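In what follows, a structure is listed as structure tokens, so that the remarks can point back to it.
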Amino acid sequence: MTEQFHILFENYLQDLANMDKMDPNRLSGSIVGLCGYLGISKISVDSYQNPRAEAIGKGKNITYFDTGEQGVAAIHKRATTEGMNITDCTIYRAASFPEWDEEKLRQVKIFNDVTMMAVSRNSILQVALRRTFYDEDGYKNLNSFIKHIENLSACGRLKGNAAIHFNLKHFSLINQQIGRDRGTTVMHGFIDGLTALAGDNGIVCRMGGDNFVALIPVSRLEQAEKLLRGSAIAYNEMGDRVMVSATSGILVIDDDFTYNAPSNVLDRIISALQAAKGSSDDIVFFSDEMEKRKAKLMRLQQLFPQALSNGEFLIYYQPKVEIRTGRLIGAEALCRWQHDGDIVKPDDFIPTFEKSMDICRLDFYMLEHVCKDIKGWLDSGREVVRVSVNLSRKHMMDIDLVDDIVGIIDKWQVPHRYIEIELTETTTDVEFKDLKRVVSGLQRAGISTAVDDFGIGYSSLNLISEIPWNVLKIDKSLIPVKGDNEQSPRSVMFGHVVQMAKDMGLQCISEGVETQEQIDAMLENGCDMVQGFFFDKPLPKTAFEQRLDEGGYSK
Ligand code: C2E
Ligand code: CA
Ligand code: CA
């Protein structure tokens, strides 16, 4: 008889060992046999976390399992899926079964110990698994995403899906507005919506904070895009809602896509999201073109130090003109990169250099060369005009900035009045303070300052009323174009900006002026100075020297 126990027990052990890999229902086969042999009719377990038992009010949380049903398998299932913390186990002998002798009792005890060990081992395993694949807020994590991609790829079902990397916009603001707890509800609400779209084949996982990755069937992509562009999510029982939107990078996994590792997918959606962050569109699709551009940018970054010491950066000068007289009244120094026989325009490299501190070295290089040119013009007896140099916002934290600028100008013995510094608007309070410090410092040193690109970004009245600028440069997007009449919003706004600048004692110059109509609009609105293709494009040094000598443009 003991022999039979051994055989049944062996089977049971084997099933337990495989418990995390197989359907728990199969386990009941071996347990029913064993329980039948031992005469066990019921097993009860106590746990501290069973809400049902608490409701009965027993004080202790007890659940009974009939061995005829699923027995240990059910205990195991509850312990793992509900995180039930089993603390004690009682085994009941069937009434029809003869009383357990010493040998049987020993076997029952072995059965009990082994069962409890297996259940706790598996619940620990499950907790570990949860930690690996979920984050502390219950979202699936990056491991889940990677595993999911690997699984789909292994069975050839990755194609026909779109991978998305998205970042929720202004989520800290939402938290501030409605409180953190409601913010959490909102985030879950938004993600639930997307998870529903993802379906069984898809997945939505959090990478951390408000950064997520998802895999959605291409057939649902349009709906997903709509959701990502903006959805109203409820945060309380009254149905009050808040708008949630995201910046997203998407990779469509089609026949052209070659997969060899999850990083193939991840790298591409990370690139696409990066591109989306620097784009006016909130959703950007990955393309090979994007990859090439990125490689090119990285190359540019590598080439920078050498290019700087080789003198590959050239200074072009774009004239500033007083409209009524056609007089040349100034110029802006703009950078060009002479590389491999090509002239590369700043839009292709400045954004890259702005990602590192390279831009600061370039700006100082420009200032240095502008001063050198002015010194040369003065020494040769030329009439010189004020030249403006662009300074990136990256300089703003630099405490020594003003001293360094003055140092360079003085080194070339250039009177301060010939230099102007163009700075763009600022977005945050901290930057605002730095900007104010820098502009005031330059002011004290007698160096003129201009707000560049006024009208795009976050123009604020504080910016111009609290900082002692000399010049307001109105961006071309604010300038009336063909078809705008006097009443069109752009014309009205333009007129007000010019008037306001004048009232505040600022000089006003419009940039990007290309047509006679725009010149007429300038005159109508009292803006007398312009910089734009209408008069000249940015010119190489020698061409600009000719303009200096001519002194201006005939009317
Ligand atoms: P920005 O400072 O706003 O410079 C004016 C840009 O507008 C120049 O482009 C100029 O060529 C262009 N522009 C001038 N007139 C017209 C016009 O009538 N029509 C049109 N469509 N465009 C016109 P550019 O030279 O390509 O420079 C682009 C930007 O690169 C500059 O914008 C500036 O932000 C940046 N940049 C250029 N050089 C430097 C530099 O040395 N340092 C820094 N930090 N930024 C620079
Ligand atoms: Ca500028
Ligand atoms: Ca500008």
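Scanning segment 452-481 for residues that are among the β-branched types (Val, Ile, Thr) and closer than 16 Å to His496 by Cβ, which turns out farthest from the chain's Cα centre (by Cα)? Looking at residues that are among the β-branched types (Val, Ile, Thr) and closer than 16 Å to His496 by Cβ, I get Ile479.
Does Gly326 meet the test of being over 39 Å from the mean Cα position of the chain (by Cα) and not aromatic (Phe, Trp, Tyr)? Taking the combined requirement at face value, the residue satisfies it.
All of Val406, Val370, Val385 fail the test of being assigned by TED's automatic domain parsing to the domain that holds Arg444 and open to solvent by less than 10 Å² (accessible area, probe 1.4 Å), apart from Val370.
Restricting attention to segment 412-436, report how many residues are part of a helix (DSSP H, G or I) and β-branched (Val, Ile, Thr). Can you show your working first?
Quick first cut of segment 412-436, residues part of a helix (DSSP H, G or I) only: 416-418, 429-436.
Narrowing the set further to residues that are β-branched (Val, Ile, Thr) leaves 430.
So the answer is 1.
Screening Ile519 on (1) hydrophobic (A, V, I, L, M, F, W, C); (2) loosely packed, with under 14 Cβ neighbours inside 10 Å; (3) closer than 17 Å to Arg324 by Cα shows it passes everything except condition (2).
Just one of the listed residues (Thr449, Thr424) is assigned by TED's automatic domain parsing to the domain that holds Val384 and within 30 Å of the chain's Cα centre (by Cα), namely Thr424. Just for segment 322-362: of the residues that are surrounded by 14 or more Cβ atoms within 10 Å (Cβ to Cβ) and polar (S, T, N, Q), which one is modelled with the highest pLDDT? Out of the qualifying residues, it is Gln338.
Inspect all residues belonging to segment 254-262 and state whether any of them is of a type in the set (S, T, N, Q), outside any helix (DSSP H, G or I) and over 27 Å from Ile146 (Cβ atoms).
Kept after step one, since they are of a type in the set (S, T, N, Q), are these residues of segment 254-262: 258, 260.
Subset that is outside any helix (DSSP H, G or I): 258, 260.
Imposing the further condition that a residue be over 27 Å from Ile146 (Cβ atoms) reduces the set to none.
No, the conditions are met nowhere in segment 254-262.
Being within 16 Å of ligand 3 (Cβ to nearest atom), open to solvent by less than 20 Å² (accessible area, probe 1.4 Å), over 27 Å from the mean Cα position of the chain (by Cα) and within 26 Å of Gly532 (Cβ to Cβ) is a property that Ile419 lacks. Yes or no: segment 203-219 includes at least one residue that is more than 21 Å from the chain's Cα centre (by Cα) and assigned to a helix (DSSP H, G or I). Looking for residues that are more than 21 Å from the chain's Cα centre (by Cα) and assigned to a helix (DSSP H, G or I), one finds at least one in segment 203-219, hence yes.
Taking first residues from segment 3-18 that are in the same structural domain as Leu125 (by TED's automatic domain parsing) and open to solvent by 20 Å² or more (accessible area, probe 1.4 Å) and partners that are at pLDDT 80 or above and aliphatic (A, V, I, L, M), the Cβ contacts under 9 Å between residues at least 6 apart in sequence or on separate chains come to Leu8/Leu34; Leu8/Leu38; Phe9/Leu34; Phe9/Ile110; Phe9/Val114; Asn11/Leu34; Leu13/Val114.
Report yes if Asp434 is in the same structural domain as Val497 (by TED's automatic domain parsing), within 24 Å of Ile350 (Cα to Cα) and more than 16 Å from ligand 2 (Cβ to nearest atom), otherwise no. Steps first, answer last, please.
Values: in the same structural domain as Val497 (by TED's automatic domain parsing): yes; within 24 Å of Ile350 (Cα to Cα): yes; more than 16 Å from ligand 2 (Cβ to nearest atom): yes.
Yes, satisfied.
Inspection of segment 395-407 identifies no residue that is within 15 Å of ligand 3 (Cβ to nearest atom) and either in contact with a strand residue (DSSP E or B) (Cβ under 8 Å, 6 or more places away or on another chain) or over 24 Å from Asp373 (Cβ atoms) (or both). Scoring Ile447 on the criteria (1) hydrophobic (A, V, I, L, M, F, W, C); (2) surrounded by fewer than 19 Cβ atoms within 10 Å (Cβ to Cβ); (3) away from ligand 1 (no atom under 15 Å from the Cβ) leaves a single failure, condition (2). Restricting the search to helices (runs of 4 or more DSSP H) fully inside segment 299-411 and requiring at least 1 residues that are in contact with a helix residue (DSSP H, G or I) (Cβ under 9 Å, 6 or more places away or on another chain) and of a type in the set (Ser, Thr, Tyr) gives 350-353, 358-379.
Residue-by-condition table, conditions (1) under 19 Å from Ile31 (Cβ atoms); (2) open to solvent by 80 Å² or more (accessible area, probe 1.4 Å); (3) outside the structural domain of Gly36 (by TED's automatic domain parsing):
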| residue | (1), (2), (3) |
| --- | --- |
| Ala95 | no, yes, no |
| Trp100 | yes, no, no |
| Glu103 | no, no, no |
| Arg106 | yes, yes, no |
| Lys109 | yes, yes, no |
| Val114 | yes, no, no |
| Val119 | yes, no, no |
| Leu129 | no, yes, no |
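From the list Val344, Val284, the lone residue that is touching a residue at least 24 places away in the same chain (Cβ under 8 Å) and not basic (Lys, Arg) is Val284. The residues of segment 504-526 that are more than 16 Å from ligand 1 (Cβ to nearest atom) and under 23 Å from Ser388 (Cα atoms), listed by number, are Met504, Gly505, Leu506, Gln507, Gly526.
Residues in segment 522-543 that are within 16 Å of ligand 2 (Cβ to nearest atom) and surrounded by fewer than 14 Cβ atoms within 10 Å (Cβ to Cβ): Phe533, Lys537.
The values are calculated or read from the model by the stated rules, or taken from the named source; none is laboratory data. Just so we're clear, the structure is a prediction, and the values are computed from it rather than from any experiment. Note that we place each Cβ from the backbone using ideal geometry, even for glycine, and neighbour counts take in every protein chain shown. These accessible areas exclude ligands, DNA and RNA; they are computed on the full protein's heavy atoms, side chains included. Shrake-Rupley method; radii C 1.70, N 1.55, O 1.52, S 1.80 Å.
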